[in-house]
Amino acid sequence: MSDDSAYGRVTNPERFAMLHQAAQELVADLRRRFDIVVEPIAPEVDSLRPEVISAVRVTPRNDGAAVTIGFTDFPGLFVRFGSQHTEPFPNCGCDACDEQPAQVANNLREKLESVAHGGFSEPTGGYEFVFPDGGSSSGQADRHFWQRSRTRRYAPWPPIGSG
């Protein structure tokens, strides 16, 4: 018999604190490899979520997808990929979901790599990540964005020294 009280209960949110460090390390790694601008922004500028306490925007020096990473007091992250798609890391964090911080950090890394290598697009009403290993992940955006009439495909980020 399942413990329904585990849904919504978070007994150890501190286990996700490592996501803040992991995100900072991933951004530093991207900065070493790609021609990008990394700038802190006020969380309300990007309207990620009210619980975001600080944020950083990573913008390639071409028409690739920008990424905004919001650090929450949970602790966790809200990440906006491109112009429309925002995801929480962890997705839930409750005891029943039992998300593992290392797996959550790896999911973030895979998605950032997809964006950097031009594998992220925003089709009408949704989003899609294509990963270097051939896998993919996709979903629908909020109904507010369904009015768009075409797919926006983002370019790969320029590597350092390509200009």
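Since every read-out is calculated from the coordinates, none of them should be taken as a lab result. Keep in mind it's a predicted model, so treat the numbers as computed, not measured. For neighbour counting, all protein chains shown are included, and Cβ atoms are generated from backbone atoms with ideal geometry for every residue, glycine included.
By the beta carbon rule, with partners counted only under 4.7 Å, the chain holds these lone Cys residues: Cys94.
Can you tell me the orientation of helix 18-33 relative to the chain, as the angle in degrees between its alpha-carbon axis and the longest Cα principal axis, to the nearest 10? Result, in degrees: 10.
The length gained by stretching the chain between Val56 and Gln21 to full extension, at 0.36 nm per residue less their Cα-Cα distance, is 11.3 nm.
Equivalent-ellipsoid semi-axes for the stretch 12-117 (Cα gyration tensor, √(5λ), whole Å, largest first): 22, 15, 12. Each helix, a run of at least 4 DSSP H residues, gives -39500 (n - 2.57); summed and divided by the residues of the chain, these come to -7000 deg cm²/dmol at 222 nm. Highest-first packing order for the peptide set 65-73, 51-59, 29-37, 95-103 is 65-73, 51-59, 29-37, 95-103, based on the mean count of other beta carbon atoms within 10 Å. Each peptide in 132-138, 22-28, 78-84 was scored by the mean count of other Cβ atoms within 10 Å over its residues; highest first, the order is 78-84, 22-28, 132-138.
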